[in-house]
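Just below is one structure, and these are the notes that go with it.
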Amino acid sequence: VMLTHRNLRSNVETYGRYLGDAGDTTVMWLPLYHDMGLIGGILSSAHAGRHCVFMDSMSFLRRPLRWLDAMSRHGATMTGGPSFAFDLAVRKTTPPQRAALDLSTLRAVCVGAEPTRPETLRRFADAFACAGLRADVFRPCYGLAETALFVCGGAADAPIRFERIDREQAQLGR
């Protein structure tokens, strides 16, 4: 796959509209060889003029609290990751650690790379509500490296909505 400058620019602009006014500071741990790290982190932040805090992926995996602490310390307004990251953060933190954080500045938490599971986001939102995390900040999205990154997601100001789809009915066009 060959991506042009026009492809990248168009995708970064579309991603920016999807995020809405996600604000001033992005905190990311996704590797820069991954499209969500490179394009969703570096390029979209540079394009929007956001401050961007990057951490090593292994630092996150070894101790997910580092990601959460970086968001708290830097007043992150945007972050993201795959579903497993949210489950890992809940499993590897304690209630006192969570209560010491301030996640109230987050306005967009992009969830990508895997199926978005309502129970995963509920657990994360419930676990970090004590840190000021609002349940309406999640932005599930779908992407492909072949499109630069972003393919689809909901409106920036729309609350997250989960619906069950019956495969047989969907195949019938319903």
Q: Within the set of other residues whose C-beta is less than 11 Å from the C-beta of S72, count the net charge using Lys and Arg as +1 and Asp and Glu as -1.
A: +1
Q | Paramagnetic reach from A99 in the stretch 118-136 [backbone N under 15 Å; point 7 Å along Cα→Cβ] | A | 127-132
Q. Does the stretch 26-107 come out rounded, prolate or oblate by the C-alpha gyration tensor, with a ≥ b ≥ c the root eigenvalues, rounded set by a/c under 1.5 and, if not, prolate when a/b is larger than b/c and oblate if not?
A. oblate
Q. Does the stretch 62-121 come out rounded, prolate or oblate, given a ≥ b ≥ c as the square roots of the eigenvalues of its C-alpha gyration tensor, rounded meaning a/c under 1.5 and, failing that, prolate meaning a/b above b/c?
A. oblate
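Where a number appears in this text, it was derived from the coordinates with a stated rule and is not lab data. What you see is a predicted model, and the numbers here were worked out from it, not measured in a lab. Neighbour counts run over all protein chains shown; Cβ positions are idealised from the backbone, glycine included.
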